[in-house]
Structures are given as structure tokens and as C-alpha cells.
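Please read the structure below before turning to the comments.
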Amino acid sequence: MSIDDLDGVFAALADPMRRQLLDELVGRGEASASALAVVVPVSRQAVLKHLNVLDDAGLVTARRSGREVLYRARPERLQATAARMSELAARWDERLDQIKRIAES
Amino acid sequence: MVTDRIEREIAIAAPPQRVWEVVTRAEHLGAWLGDAGAEIDLRPGGRLVLHWKDHGTAHGRVETVEAYSTFAFRWVTFGGDEPTDDNSTLVEFTLTPQDGGTRLRVVETGFAGLAVAPDQQEKHLGENTEGWRLKLDELRTYSESVHA
């Protein structure tokens, strides 16, 4: 997961409507944009736009079922974000070790 | 758990003056942070450039210079050359004398404050958002709720 991906996740979650949609998907397991548009105060078109942003960030996945497209949440993406932050912390440990080595030599 | 702050420290058996040199001088920055050289204008607002053999070049801006005690810079984590609050994270080193040596602490912050670049903003978000900031605790709570 690159820093840009990390940013994509943060950007996607910045919008309260997208967080609500993600919550709905977590609760329902799977839902179409039409079904989601019933529970939020925006149009199906607007819901689709938000779902696309979530999809780009890897936070939802879509599959076709007959004439519908069903969306499902991918909470593992948030775990990946946490893992990425741990990696960045490990990098600082390495850098501090190098500083120590140079300073003590 | 997702956290927006990285904090690490280490004990070094060398005085703060020596550690300060290693942390702030181009010859050393280009070895422990970059791996193919660095340039630095060591004063607030001064430019920082880091080179890597395999990863190109990163640009930064010196923020704080308090000799032998505090050194901070912003560096760009994606796109663009000039660090701003929206495209960079802040790295702050604090040197504290300890047992004849130095305790060196580094804190990197601002990951959750990264905003998307203007062109990406248009592509991803359209006109329905303006300069947001995601609160860290909000994301953490959210992350925990979807795993509950």
C-alpha cells in the first residue's frame, strides 16, 4: 500500500455520506445503489458517485447480479491502512538505528 | 487501529552536538534518510532535497532549527515539489541530553491531514467537498466499528 493509496482511503472516508454508505453496506452485507438511495437523502446517481469513490479507494467491491450491481464493504482496507502506518514506523526505527551508528562511530 | 502519528525514540552514546550534526548535515542526511545524497539550507523555510538511488528525489522544507535540541521539516509525500500543509507530513526531531549521551525522539504527523491534489480532488470528489480534514479519532472509531 503506497502513500497515495493511504491518501485515497483517508480522502474517501472524509465524506460523511460515504461513511454512512459504507456503514449501510457493512450492516447489509450487500446492496445495490438503488437500495442504498432509499435510506440516504440523495439520488441514486449521487449514491453511485460515492460508491465509485469508495471503490477507487478499495473500500468496497462491486459485482453484477442479473440486472443489478451489488456492492459489498471491504473493511480489510482499513486494516491495510493501519499496517501501512506500522511499516512507516518501522522505517523510522531503521533510520534512528542508522543515526545512532553514525553518531557513535 | 489506524493512527495518524508515528513516534519513535532511541538512546545514543554521543553528545547532542554530535547527534545534531548527523541529523541535520547534508552529508549525513544523504546517507541515513536518502541514500544518494541530500541538500539542505538549515534555517526555517530552507529547502531540503533528498536523493535515492531507486526512488528518485523528495522535496522538503525546514520548519524549525533550534541548535542541538529541535529540528523539524515538512516533506512531500505525493506529487508536487513545494511542501504545503495539504501534501506533506511534518517530521520533528527532539534531542535531549541523557547520561552523557542523547535521547533522540522523532515524531511524524499529518498523515490523516493529507488532502488530495487539486486535479485528483476534481476527479474524485467533484464540487461536493472543500478542503476537508479527516479526524483521526473518527477514523479509528470507524475502523473499530466495521470490525465489531
Give the average, rounded to an integer, of partner chain Cβ atoms located within 10 angstrom of each Cβ in A:18-29.
2
Any residue on another chain or 5+ positions along whose placed amide H is under 5 Å from the amide H of A:Val60 is listed here as A:Asp55, A:Arg74
Estimated vicinal HN-Hα couplings, Hz - segment A:61-67 in sequence order (Karplus 6.51, -1.76, 1.60; Gly, Pro = x)
10, 10, 9, 7, 9, x, 8
Any trypsin sites (Lys or Arg not before Pro) in segment A:3-97 that lie in a DSSP loop and have at most 11 other Cβ atoms within 10 Å would be A:Arg67
Computed FRET efficiency, Cβ-Cβ of A:Ala35 and A:Glu87, R0 30 Å: what is it to the nearest 0.05?
0.20
Rounded FRET efficiency, nearest 0.05, which uses the C-beta distance separating A:Thr61 from B:Thr57 and R0 of 30 Å
0.25
Tell me, what ³J(HN,Hα) does each residue in segment B:24-34 have, in order and in whole Hz, if you take phi through Karplus 6.51 cos²θ - 1.76 cosθ + 1.60 with θ = phi - 60° and put x for Gly and Pro?
10, 7, 3, 4, 8, 4, x, 10, 8, 9, x
Name the long-range amide H neighbours of A:Val69: under 5 Å, sequence gap of 5 or more, or other chain; modelled H, no Pro or chain starts.
A:Ala33
List the GluC sites (Glu not before Pro) within segment A:22-105 that fall in a DSSP loop (any state other than H, G, I, E or B) and whose Cβ has at most 16 other Cβ atoms within 10 Å.
A:Glu30
Can you tally the net charge around B:Glu63? Count Lys and Arg as +1, Asp and Glu as -1, for every other residue whose Cβ sits under 14 Å from the Cβ of B:Glu63.
-2
Amide H of B:Asp35: which non-local residues (sequence gap of 5 or more, or other chain) have their own amide H closer than 5 Å, using H built in the peptide plane?
B:His51, B:Trp52, B:Lys53
Would you mind computing, in nm to one decimal, how far apart the modelled labels at B:Glu7 and B:Thr70 are, each placed 7 Å from Cα along Cα→Cβ?
1.5 nm
Using Cα atoms only, what is the angle between the long axis of helix A:76-104 and the major principal axis of chain A, expressed in degrees (0 to 90) to the nearest 10?
10 degrees
For chain A, the convex hull over Cα atoms projects on average to an area in nm² of 7.6 nm²
Unit charges on C-beta of K, R, D, E only; dipole of segment A:28-105, Debye:
400 debye
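Bear in mind these aren't lab numbers, they're just calculated from the coordinates by the rules spelled out. Computed from a predicted model, the values in this text were never measured in an experiment. Positions of Cβ are generated from backbone atoms using ideal geometry, with glycine treated the same way; all protein chains shown enter the neighbour counts.
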